[in-house]
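The values are calculated or read from the model by the stated rules, or taken from the named source; none is laboratory data. These numbers were taken from a predicted model, which means no experiment stands behind them. Backbone-built Cβ (ideal geometry, glycine too); neighbour counts: all protein chains shown. To get the accessible areas, we keep the full protein, side chains included, count just its heavy atoms, and leave off ligands, DNA and RNA. Shrake-Rupley method; radii C 1.70, N 1.55, O 1.52, S 1.80 Å.
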Amino acid sequence: MKRRDFTVRLAGAAFAATAQAAAPPVEGQQYVRLSTPLPVTLPPGKKVELIEFFWYECPHCFEFEPMLEAWLRKLPEDVYFHRVPVGFTARHQITQKLYYALLDMDQAEALHKKIFNAIHVQNQRLLSVDDMAAFVAANGADAARFRALYDSFQVSTQASKATRLADDYKIDGVPALGIQGRYYTSGALAGTYARTLETAGWLIARSR
């Protein structure tokens, strides 16, 4: 067994043990199993997909983010994590496109927390391209490129795919976590954010 493989297995075992320390979650209560599993495409070396469905203007997503970030630092290396902004309404789609424009600029992770803070701490309104471009420029990124990308075909396509994925997962509120195209859990289902993460960890282990 290669040393890296052994390390990944140890990390996965420890993560699973932590996830199962509490009583096992109950299907239909703490999590939902999709009636039809969704196709999952994983990068090389990854075995389980984990998705965070979120909306930048959601106060619950803002509260959840620090706990999620701390939890992700302990995630086994074979878990592929990525974020999917929801597009429930036209209002949701504004910052959905903001995320994908920044993703195409390789700025999404760098500005992710700053966007939450701008909206929920600094009370900034990021509801127009001008508002968002000003925010992007103030944080050292290319505002002109952002403007070009925001209404581009590629960003619109990514946003449409994100909306379809949330629909396929039957997501009706955020924050929510999707696991391996088979399950999802959320604060509304699990009861607390801590229990949401415990449930997600248990489902990751189960998906293996």
### Query
Which value, in Å², gives the accessible area per residue of the chain when a 1.4 Å probe is used on the protein heavy atoms?
51
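Over the stretch 21-114, what is the relative contact order in whole percent, taking alpha-carbon pairs under 8 Å and six or more residues apart? Before the final figure, lay out each step's value.
Numbers: 63 pairs, mean separation 24.4, N = 94.
So the answer I get is 26 percent.
Expressed in nm to one decimal, what extension gain is obtained for the pair Thr41 and Ala110 from 0.36 nm per residue of sequence separation less their Cα-Cα distance? Write out the running numbers ahead of the final one.
On the way: separation 69, 0.36 × 69 = 24.84 nm, distance 2.47 nm.
Working it through step by step, the gained length comes to 22.4 nm.
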### Message
How tilted is helix 129-138 with respect to the longest principal axis of the chain? Cα atoms for both, answer in degrees (0 to 90, nearest 10).
### Response
80
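How would you order 55-66, 190-201 from highest to lowest mean count of nearby Cβ atoms within 10 Å? Write down the numbers at each step before the final one.
Values: 55-66: 18.2, 190-201: 20.5.
Listed from highest to lowest mean packing, they are 190-201, 55-66.
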### Heavy-atom accessible surface of the stretch 88-157: percent carbon and sulfur, 1.4 Å
50
#### Entry: Test item: Cα-centred dipole of the stretch 72-150, Lys/Arg +1 and Asp/Glu -1 on Cβ, debye
280
### Task
Taking the Cβ of Glu69 as the centre, find all other residues whose Cβ is under 15 Å away and add up their charges (Lys, Arg: +1; Asp, Glu: -1).
+1
### Task
Please list, or write none, the aspartates and glutamates whose alpha carbon is within less than 15 Å of the alpha carbon of Lys46, excluding same-chain residues fewer than 8 places away.
Asp5, Glu77, Asp78
#### Entry: Heavy atoms of Ile119 accessible to a 1.4 Å probe, total area in Å² rounded to 10
30
### Angle between the chain longest axis and helix 193-207 axis [Cα atoms, degrees, rounded to 10]
60
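What net charge is computed for the residues neighbouring Leu38, neighbours being all others with C-beta under 14 Å from the C-beta of Leu38, Lys and Arg scored +1, Asp and Glu -1?
On the way: positive: Arg33, Lys161, Arg164, Lys170, Arg182; negative: Glu49, Asp167, Asp168.
With Lys, Arg at +1 and Asp, Glu at -1, the net is +2.
Just add up the charged neighbours of Leu127: K/R +1, D/E -1, any other residue whose Cβ is under 13 Å from the Cβ of Leu127.
Working: positive: Arg91, Lys97, Arg125; negative: Glu57, Asp130, Asp131.
Result for the neighbourhood of Leu127: 0.
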### Task
Could you tell me the accessible area of Lys113 in Å² (1.4 Å probe, neighbours in place), rounded to the nearest ten?
140
#### Entry: Rounded tilt (10° steps) of 3-19 against the dominant C-alpha axis of the chain
90
### Task
Once you have all Cα-Cα distances for the stretch 87-137, histogram them in 5 Å bins from zero and send the whole-percent values.
5, 20, 31, 31, 12, 1
### Query
Roughly how much of Glu109 is accessible, in Å² to the nearest 10, using a 1.4 Å probe?
120
#### Entry: 5 angstrom amide H check on Val40, placed H, neighbours 5+ away
none
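Between Leu72 and Ser128, what length in nm is gained on full extension when 0.36 nm per residue of separation is reduced by their alpha carbon distance?
Details: separation 56, 0.36 × 56 = 20.16 nm, distance 3.14 nm.
Taking 0.36 nm per residue and subtracting the Cα distance, the gain is 17.0 nm.
Which value, in debye to the nearest 20, gives the size of the charge dipole of the chain about its Cα centre, when Lys and Arg are +1 and Asp and Glu are -1 at the Cβ?
660
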### Summary
Length-normalised contact order of the chain, Cα under 8 Å, at least 6 apart, in percent, tallies to 36
